[in-house]
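The block underneath contains the structure these notes are about, expressed in structure tokens.
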Amino acid sequence: MKKIQIRLKNRNSLIEFIAERFIQIIALTSLAFILGIFYFVFQESFWAFKQINEKTRKEDTRKYYKISDESNMNDYSTEDDELRPEKYPPEKTNNNEYLNTKSDSLKLKPFNTLEEAKNISLHRYSMGQEKPIKFDDLFKPNDVIEGEQVFIWQPISTEPKYNILPLIFGSFKVSAIGILIAFPISIMAALFTIAFAPKWLREIIKPIVEILAGFPTVVIGFFCLTVLSGYFEELFNTQLRLNAFLGGVGLSIVIIPIVYTLIEDSLYIVPKHLSEASLALGANKWQTAYKVLLPAASPGVFAAFLLGFGRAFGETMIALMITGNAAVITLNLFDSVRTMAATIGSEMAEVEYRSIHYGVLFIVGSVLFIITFSLNALAEFIFRKKLIKKFRGY
Amino acid sequence: MKEIKIRIESLSVSYGTKPAIKNISLNIARNQVTALIGPSGCGKTTFLKTINRLNDFNDKIRISGKVYIDDLDIYSKNVNITELRKKTGMIFQKSNPFPKSIFDNVAYGPRVNGVTNREELYDIVKSCLMKAALWEEVENNLYDSALKLSGGQQQRVCIARALAVNPEILLMDEPASALDPLSTARIEELIMELKKNYTIVIVTHNMQQAARVSDMTAYLYMGELIEFDKTRKIFTNPSKKQTEDYITGRYG
Amino acid sequence: MLWQNLFSEKNSLKNFEVIELINKFKIFLFVFLFLIILITFGGLLNLIFNNSIALIAYILIVSIIIVIIKKKKTNLFHVITENTFIILTSLSSLVVISFVIYILTYIFIIGSQHITWEFLTSNPTEGLTSGGIFPAIVGTAFLVIIMSIAGIPVGTITAVYITEYAKENSLFSKIVRFSVNSLAGVPPIVFGLFGLGFFIGIVGKQIDNREIISKYNNINTMFLQSDSPFYKDNQANPREVISFFKSLKNDYSFETIEALEGLVLKGEYKNYNLEFYIEYLKERERPKWGQPALIWAALTMALFTLPLVIISVEEAIKAIPPELKEASYSLGATKLQTIIKVVLPGAVNGILTGGILAVSRGAGEVAPILFTGVAMYLPDLPDSLSSQFMELGYHIYVLATQSINVELTKPIQYATTFVLLVLTFTLNFTAIFIRSKTRNKFNRES
């Protein structure tokens, strides 16, 4: 007569408990990081607006001690330029130069030793003549050229100007060119793959596009820079070799795989009986595609458009390499532009930690973040909601 | 009068607000086959899962009433669930061997419970496969993937796997529904063999199978127990009209 | 009857094996075909793309071929619209395919010419205009390895948590799902910002601060000893302090002495008090962890690829039939045992695929490491987690945009691109290969 034994929770469940806690902790930490990025990028932007008391005090200190060259010092510098990795293979610094700066900076008047040492320690924060900016400064016109009010982005100068409109415009311009080139090509290629191509051809085209998706963006930028820029220069007789159009073409190479894959997937899951019904009524393949397939796949098409645009908007390396990096607002296709991502990429390495410029770059980053995030969220929203709605009837 | 293995008192189970089982009281005797018949979707699988507490994974489940196995309330707080599940082996409707070798499938249970000795495992696997009447067919390819076997063989692997943890009760949810008649016959033979040592509860929508195989039969309809009696009686002379309607095919 | 059954079972198994074999080699067949197409088309396309007239002629020829192949239709309207449609769409596909082949052949042909064993194993010289790319390869390898060690386990565990432990349909899991999916689309440079501001600016700084505090506690203690120049009157001049440090022979004496030389220039015999020296020396401390470093770049990349890994593993776990988990539980396994013995082995393909794709993106994306650790030129290989490193992608960028002599560096640029592409493609193909093996994993052949 067997009976089931009562056993109280034994040691095994202790291991279970610990393991579960461990998994929970790691997972929650990684999720916290993911959410933390949102918060953190915004928080660091505030350094652009911050008024530190030391700042004003430092300005006085500076004037008093005639520390002029310190404004070039940033957090990562040392006295020996040789050891700064950003520089070329080692250059010899002129020892005399070194002497001069140091003795200039420590030219003395009578003072309290501790104060002096502490003042030197304020090098860690901004030493520049920067005054904190106000939010409007980012958007208001801040210079006059030929009688017209213009928006200038010029962070490195005696009077830094931080208008971000040229940057937003730049990103927008190249992404728009990119998506305008890429979208028709991708959608037609997708239609071909689904509506016309025999099965074996589909198995060839799809992997090739996936290969394109796997290209590192540096390589695409490199290729456009070395090969395509010269080619376009001849073809279109442009004045500037690196311009927005070239940037758009480069971006379109990145956009095509994304848009193609999404649209192709959306077309693929449209139930066959819909197109069969259309063909049975005497429509040809073009009409079927245009009137039945595409409308049925429209959420996917919209989502693809948004996602492709979003991807191009945030692309850094290609923009850095081939857009010419001039922050101007024009409608000419063949002028240079400067995108937000490229600005961050090129200027962040040289900026001083927690200076005004640093804060403004973070603001640019936040704006970039908001825009791409909204595009993604919108795409996901449309895709989910409309797709579910569309297929509920089937 | 056979001794009672599982005693169910006023069991009611609902998913959220939808009731699946309404106030069932039932006694399942030891070393006998008890069949549960009734139209699909009337709570039979839920009933089985209540006995081995597999329902616990569903958040929306509400259970009231009592289930006693060997006079032990299995829903009381100090019951070790993994022990409970070892004592109540389950065979599922669609055979679900792990994507591992036949040997590893049957040895899974013992391994998970701490048996690591290779020889011991081999003995267990061999004896269970023999009990499941599968040993001769697979003894030469024990280390091949279990997914390569036919449906009937896979189901027998699952039975061997369940036997390997030394249960006392076997809960079978339509074990032969996905199988061809030949395999079904073999499984039924197996059940008749196994009942000598195990208490078996089998859910089936195949009434002939219930008639062939079981000692006691319960007829469930929409979560309610309509009639519970010796199989012979249910199928030749049921007390309730509802039962008779179902059995003669007038309904369901 | 039974005997016949067994016999037919065995036969069908044989056919199936043959088909399986063909399926396995399909990938290799494809690669082989692809290479052939590459070589033949590549040469042709190079000619065509360089010459606009040839391009137009190419389009016309293709259009004519397509029109000839299509069957005749009765309705003229149909003929025009459908054929136009076919021409346009097939041309688009052709454009895309040709372009891919074009880029690949161009880079492979020019790049492979410059690849020698020496190139791959030696350092760059003469301002990056000649020599090899060995440090870049090593740097990329380190980056990728550390990134994987940090990212893949964490991503897997998070995915396991999301699917197995967190309650379905709760607010929590909705938030999680939403953030992971959205974060997958955030531009990589934003991650770089996070790396700079958080890892370097906060975590790195903290570590440095702690080290500085303990180091200067030591120095303070030393200054209070009897043989220090401060013992008598809490004042000393730089010369004395320097000779004090020289006598100590600590591992940080050298840097401290260097820093003090600056004071010497002002006045060798000018006296300052102890606190001044401490502040002054603290000031000259070079940040070790609070600056761009290998570890921070790797962590930033790990964070960047984390959503990818999580989504990949999550999908793999969801593809496991729930009956397997039920079977495991019904045999008395605990949740942890089920996860280790059934879920993880079942999801291993997804983990591998996700990991490999993450690694591939990590090797290719340059944006997040631009200011979190990479350097243009370093004389030595990175020797600790806090050193900077060179990287293949960044090397290409630097050579293409900032080299002093673009003509000289062109072959190096192509060769480096070639190496990077080979790396990326090998990884991607491996991932595809693994993914194709998953398709039949849970299939029951009966």
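The values are calculated or read from the model by the stated rules, or taken from the named source; none is laboratory data. What you see is a predicted model; the values in this text were computed from it and never measured. Glycine also receives a Cβ, built like all others from the backbone with ideal geometry; neighbour counts cover every protein chain displayed. SASA here: full protein model, heavy atoms, side chains in, ligands and nucleic acids out. Shrake-Rupley method; radii C 1.70, N 1.55, O 1.52, S 1.80 Å.
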*Run the numbers on region C:145-183: which residues show a drop of 50 Å² or more in accessible area, chain on its own versus all protein chains together, using a 1.4 Å probe over heavy atoms?*
C:Ile157, C:Tyr161, C:Tyr165, C:Phe178, C:Ser182, C:Leu183
*Amide H to amide H, which residues 5 or more places from B:Ile202 or on other chains are under 5 Å from it, using H placed in the peptide plane?*
B:Thr34, B:Ala35, B:Leu36, B:Met172
*What number comes out for the charge environment of A:Ser278, summing +1 per Lys or Arg and -1 per Asp or Glu over other residues with Cβ under 15 Å away?*
+1
*Mind grabbing the base-10 log of I(q)/I(0) for region C:203-283 at q = 0.12, 0.22 Å⁻¹? Debye formula, identical points on the C-alpha positions, no solvent, two decimal places.*
-0.33, -1.07
*For region C:301-354, what is the largest minus smallest coordinate of the Cα atoms on each principal axis, given in angstrom and ordered from greatest to least?*
41, 18, 13
*Tell me, what % of the accessible area of region A:165-392 is carbon and sulfur with a 1.4 angstrom probe?*
67
*asked:* Counting only other chains, and only Cβ atoms inside 10 Å, what mean value do you get across the residues of B:85-93?
replied: 4
_Accessible surface, per residue, of region C:155-212 when the full set of protein chains is kept, probe 1.4 Å, Å²_ = 37
*Got a number for carbon plus sulfur as a percent of region C:203-283's accessible area, 1.4 Å probe?*
48
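Can you order the peptides A:215-228, C:118-131 by their average number of other Cβ atoms within 10 Å per residue, highest first?
A:215-228, C:118-131
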*asked:* Just to be sure I understand the interface: list residues from region A:164-192 that lose 10 Å² or more of accessible area between the chain on its own and the complete protein assembly, 1.4 Å probe.
replied: A:Ile185, A:Met188, A:Ala189, A:Leu191, A:Phe192
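Just want to confirm a number: the relative contact order over region A:165-392, from Cα pairs under 8 angstrom separated by 6+ residues, in percent.
29
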*What are the residues of region C:333-382 that lose 50 Å² or more of accessible area, with a 1.4 Å probe, going from their chain alone to all protein chains?*
C:Leu336, C:Lys341, C:Leu370, C:Phe371, C:Met376, C:Tyr377
_Ratio of the Cα radius of gyration of region A:170-298 to 2.2 N^0.38 Å, where N counts its residues_ = 1.27
*What is the diffusion coefficient of region A:259-314 in µm²/s, taking the Kirkwood radius over Cα pairs and the Stokes-Einstein relation at 25 °C with a viscosity of 0.890 mPa s?*
205
*If you take the Cα atoms of region A:165-392, find Rg, then find the Kirkwood Rh from the mean of 1/r over all pairs, what is Rg/Rh?*
1.05
_Area hidden from solvent between A and C (accessible, protein heavy atoms only, 1.4 Å, total, Å²)_ = 9700
*Find the sum over both chains of the accessible area lost when C and B are paired, probe 1.4 Å, and report it in Å² to the nearest 100.*
2500
_As a quick test, which of the pairs B:Lys66/B:Lys230; C:Lys174/C:Lys318; B:Lys18/C:Lys325; B:Lys2/B:Lys196; B:Lys5/C:Lys325; B:Lys77/B:Lys195 have an alpha carbon distance above 19 angstrom in this structure?_
B:Lys66/B:Lys230; B:Lys18/C:Lys325; B:Lys5/C:Lys325; B:Lys77/B:Lys195
*asked:* Just to compare against my own numbers: the Cα pair-distance distribution for region C:241-356, 5 Å bins, whole % per bin, please.
replied: 2, 9, 12, 11, 8, 6, 6, 5, 5, 5, 6, 7, 7, 6, 4, 1, 1
*Lysine pairs in region C:203-283 8 or more apart or on different chains: how many have alpha carbons under 24 angstrom apart?*
17
_Accessible area expressed per residue, chain B, with surrounding protein chains retained (probe 1.4 Å, Å²)_ = 43
*For region B:176-244, what % of the accessible area comes from carbon and sulfur atoms, probe 1.4 Å?*
52
